[in-house]
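To keep things clear, I will list the structure first and then write my remarks on it.
The values are calculated or read from the model by the stated rules, or taken from the named source; none is laboratory data. The model shown is predicted, which means the values in this text are computed figures rather than measured ones. Neighbour counts are summed over all protein chains in view; Cβ atoms, including those assigned to glycine, are modelled from backbone coordinates with ideal geometry. SASA here: full protein model, heavy atoms, side chains in, ligands and nucleic acids out. Shrake-Rupley method; radii C 1.70, N 1.55, O 1.52, S 1.80 Å.
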Amino acid sequence: MARKVIIAGNWKMNKTASEGKALVEDLKPLVADVAAAEIVVCPPFTSIAAVVEAAGGSNIKVGSQNIHWAESGAFTGEISAEMLKETGVEYAIIGHSERRQYFGETDATVNQRIKAALAAGLIPIVCIGETLEEREGGKTEKVLFSQLEGGLADITPEQMAGIVLAYEPVWAIGTGKTATPEMAEETHNYIRCQLKDMFGEAAEAVRIQYGGSMKPENSAELVAQRNIDGGLIGGASLKAGSFAELIKNAIA
Ligand code: 13P
């Protein structure tokens, strides 16, 4: 089954509204002719409105970096799916390792956030991945299995087909250390096999991004792998030139 490549920039806590707008204005002409990949940028909440406006009418889509599971209520500092939907975002990153590490995110809260995103018609980009200690301890598959099992509990095969997964080995994030294409493919293949066990044929439709020091120099060989369907990019998405080059190399 042909899966359309999806490349998303996770800006993390970078770019004010005016900086985000400028980045998208610079990016638009550079990727205007890209039809073979879905392009997404995920700014901080405060920059979403400006970025949605700047991206209007282009092939650049917008996502959030988190989402709360409740519809509304006493959750100081949180943002609901409905609030996000109204801003014009179409995607929501869920369960990024930085949220798991610093903000107490668990597989159970990931699961609640996925359900809220789906209910609002947003496409979840669900992050999973092991730490260096877990990889070196031979626990990678065990960790991924429990993240999939817990995070995707009660999700139907129909819903799963529309969810994007991002495999981000924590040791490769922001470190310059990328998993080799072979190592990444082996893990992506494991993830897809687990998805097949859990969701049957729908697993073939699920796009699995790789994330962790993906850059223009390595995007082609990573995305060329059978089970790698795009990337979730941090550092290299913060400049229009490098992000555009990374995208073009990935689909060349
Ligand atoms: P880097 O591309 O900076 O390694 O970040 C990856 C990431 O965490 C994307 O979500």
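Matching residues to (1) of a type in the set (S, T, N, Q); (2) under 24 Å from residue 201 (Cβ atoms):
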site: 76; (1), (2): yes, no
site: 79; (1), (2): no, no
site: 86; (1), (2): no, no
site: 92; (1), (2): no, no
site: 109; (1), (2): yes, no
site: 123; (1), (2): no, yes
site: 149; (1), (2): no, yes
Residues satisfying the stated conditions in region 32-57, i.e. surrounded by fewer than 19 Cβ atoms within 10 Å (Cβ to Cβ) and closer than 17 Å to residue 241 by Cα: 32, 33, 34
Residue in region 58-73 that is surrounded by the fewest Cβ atoms within 10 Å (Cβ to Cβ), counting only those that are hydroxyl-bearing (Ser, Thr, Tyr) and in contact with a strand residue (DSSP E or B) (Cβ under 7 Å, 6 or more places away or on another chain): 72
Residue in region 67-84 that is of a type outside the set (S, T, N, Q) and within 16 Å of the ligand (Cβ to nearest atom) present: yes
Residue 229, sole failed condition from (1) open to solvent by 20 Å² or more (accessible area, probe 1.4 Å); (2) touching a residue at least 60 places away in the same chain (Cβ under 8 Å); (3) closer than 16 Å to residue 190 by Cα: (1)
Residues (part of a loop (DSSP other than H, G, I, E, B) and within 10 Å of the ligand (Cβ to nearest atom)) located in region 208-252: 212, 213, 214, 215, 234, 238
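Here's the yes/no breakdown for (1) without any contact (Cβ under 8 Å) to a residue 12 or more places away in the chain; (2) over 19 Å from the mean Cα position of the chain (by Cα):
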position: 3; (1), (2): no, no
position: 7; (1), (2): no, no
position: 12; (1), (2): no, no
position: 32; (1), (2): no, yes
position: 42; (1), (2): no, no
position: 57; (1), (2): yes, yes
position: 61; (1), (2): no, no
position: 75; (1), (2): yes, yes
position: 86; (1), (2): yes, yes
Residues satisfying the stated conditions in region 121-139, i.e. surrounded by 19 or more Cβ atoms within 10 Å (Cβ to Cβ) and farther than 23 Å from residue 67 by Cβ: 130, 135
Selection from region 1-50 of residues that are within 13 Å of the ligand (Cβ to nearest atom) and on the phi > 0 side of the Ramachandran plot: 12
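Count, please, the residues in region 142-168 that happen to be of a type in the set (D, E, K, R) and surrounded by 15 or more Cβ atoms within 10 Å (Cβ to Cβ).
Start the filter on region 142-168 by keeping residues that are of a type in the set (D, E, K, R), which leaves 142, 149, 154, 158, 168.
Narrowing the set further to residues that are surrounded by 15 or more Cβ atoms within 10 Å (Cβ to Cβ) leaves 168.
Within region 142-168, residues that are of a type in the set (D, E, K, R) and surrounded by 15 or more Cβ atoms within 10 Å (Cβ to Cβ) number 1.
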